[in-house]
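Notes follow the structure.
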């Protein structure tokens with residue numbers, strides 16, 4: 001792909017991601033140069049691997065091994081909650097977007113290859129009992145008190161993707 005095609009595809013991807021982010025209660029980094037560069041990396045990774053691997057991380061090329069770093073990655077929400085931006089700063093919080101706060105370095109949350117390989121081995125072990133607790137592995141289920149949306153993750157999302165309620169409108173769901 002030539003440079004002009006890359007820029008055109010990256011601009012189209014940026015528009016799509018921006019629309020989806022706004023619909024989901026997220027904000028793309030307003031720095032057009034930064035988001036353009038990141039979207040070019042995403043387009044290259046789509047071409048290279050067939051999926052949107054984070055351009056700031058080393059992908060294996062095996063989708064199953066890279067599921068956690070397919071944009072938006074599994075680490076976006078915890079990074080936004082703690083640092084105001086995701087690892088690559090494609091997504092930022094309102095304070096950074098408005099210039100009230102500057103983006104800062106975000107430490108890598110992704111486990112190293114040895115830890116990921118061990119986790120993959122553990123997943124291949126005996127299948128869980130039918131009535132095993134749904135919270136195995138420390139994952140909680142969160143319910144939006146406004147619309148009832150459920151999600152399973154360590155923390156609730158910053159905004160409900162359905163009704164756009166803030167994080168504090170979620171409660172831990174028990175069943």
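Kindly check whether there is at least one residue in segment 49-63 that is assigned to a helix (DSSP H, G or I), touching a helix residue (DSSP H, G or I) at 6+ places or on another chain (Cβ under 8 Å) and under 14 Å from residue 86 (Cβ atoms). Explain how you work it out, then say what you get.
Initial filter on segment 49-63 (assigned to a helix (DSSP H, G or I)): 49, 63.
Those left that are additionally touching a helix residue (DSSP H, G or I) at 6+ places or on another chain (Cβ under 8 Å): 49, 63.
From the residues that got through so far, the ones that are under 14 Å from residue 86 (Cβ atoms) too are none.
No: segment 49-63 contains no residue that is assigned to a helix (DSSP H, G or I), touching a helix residue (DSSP H, G or I) at 6+ places or on another chain (Cβ under 8 Å) and under 14 Å from residue 86 (Cβ atoms).
Could you please let me know if residue 162 is part of a loop (DSSP other than H, G, I, E, B), at negative phi and either at pLDDT 85 or above or touching a helix residue (DSSP H, G or I) at 6+ places or on another chain (Cβ under 6 Å) (or both)?
Details: part of a loop (DSSP other than H, G, I, E, B): yes; at negative phi: yes; either at pLDDT 85 or above or touching a helix residue (DSSP H, G or I) at 6+ places or on another chain (Cβ under 6 Å) (or both): no.
When the stated conditions are applied, residue 162 does not pass them.
Got a number for residues in segment 67-88 being in a loop (DSSP other than H, G, I, E, B) and either crowded, with 17+ Cβ neighbours inside 10 Å or touching a residue at least 40 places away in the same chain (Cβ under 8 Å) (or both)?
Our first condition is that a residue be in a loop (DSSP other than H, G, I, E, B); within segment 67-88, this holds for 71-75, 84, 86-88.
Narrowing the set further to residues that are either crowded, with 17+ Cβ neighbours inside 10 Å or touching a residue at least 40 places away in the same chain (Cβ under 8 Å) (or both) leaves 71-73, 75, 84, 86-88.
The total comes to 8.
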**Message:** Step by step: first the residues of segment 45-66, then only those that are touching a strand residue (DSSP E or B) at 6+ places or on another chain (Cβ under 7 Å) and within 20 Å of residue 34 (Cα to Cα), then the one that is surrounded by the most Cβ atoms within 10 Å (Cβ to Cβ). Which residue is that?
**Reply:** 53
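Within segment 23-37, restricting attention to residues that are under 20 Å from residue 163 (Cβ atoms) and in contact with a strand residue (DSSP E or B) (Cβ under 6 Å, 6 or more places away or on another chain), which residue is surrounded by the fewest Cβ atoms within 10 Å (Cβ to Cβ)?
Residues of segment 23-37 that are under 20 Å from residue 163 (Cβ atoms), as a first pass: 23-27.
Filter again for in contact with a strand residue (DSSP E or B) (Cβ under 6 Å, 6 or more places away or on another chain), leaving 25-27.
Values: 25: 17, 26: 23, 27: 20.
Step by step, filter segment 23-37, then rank; the result is 25.
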**Prompt:** How many residues are under 13 Å from the mean Cα position of the chain (by Cα) and crowded, with 18+ Cβ neighbours inside 10 Å when one looks only at segment 89-109?
**Reply:** 4
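For residue 74, are the conditions met, namely being closer than 30 Å to residue 34 by Cβ, at pLDDT below 90 and in contact with a helix residue (DSSP H, G or I) (Cβ under 6 Å, 6 or more places away or on another chain)? Even if it seems obvious, please write down each step before you answer.
Details: closer than 30 Å to residue 34 by Cβ: yes; at pLDDT below 90: yes; in contact with a helix residue (DSSP H, G or I) (Cβ under 6 Å, 6 or more places away or on another chain): yes.
Here the answer is yes, as residue 74 does meet what is asked.
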**Request:** Considering only residues that are under 15 Å from the mean Cα position of the chain (by Cα) and touching a residue at least 40 places away in the same chain (Cβ under 8 Å), look in segment 1-22 and name the one that is surrounded by the most Cβ atoms within 10 Å (Cβ to Cβ).
**Result:** 17
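The values are calculated or read from the model by the stated rules, or taken from the named source; none is laboratory data. Just so it is clear, the model here is predicted, and its values are computed rather than measured. When we count neighbours, we look across all protein chains shown, and the Cβ atoms used for this are built from the backbone with ideal geometry, even at glycine.
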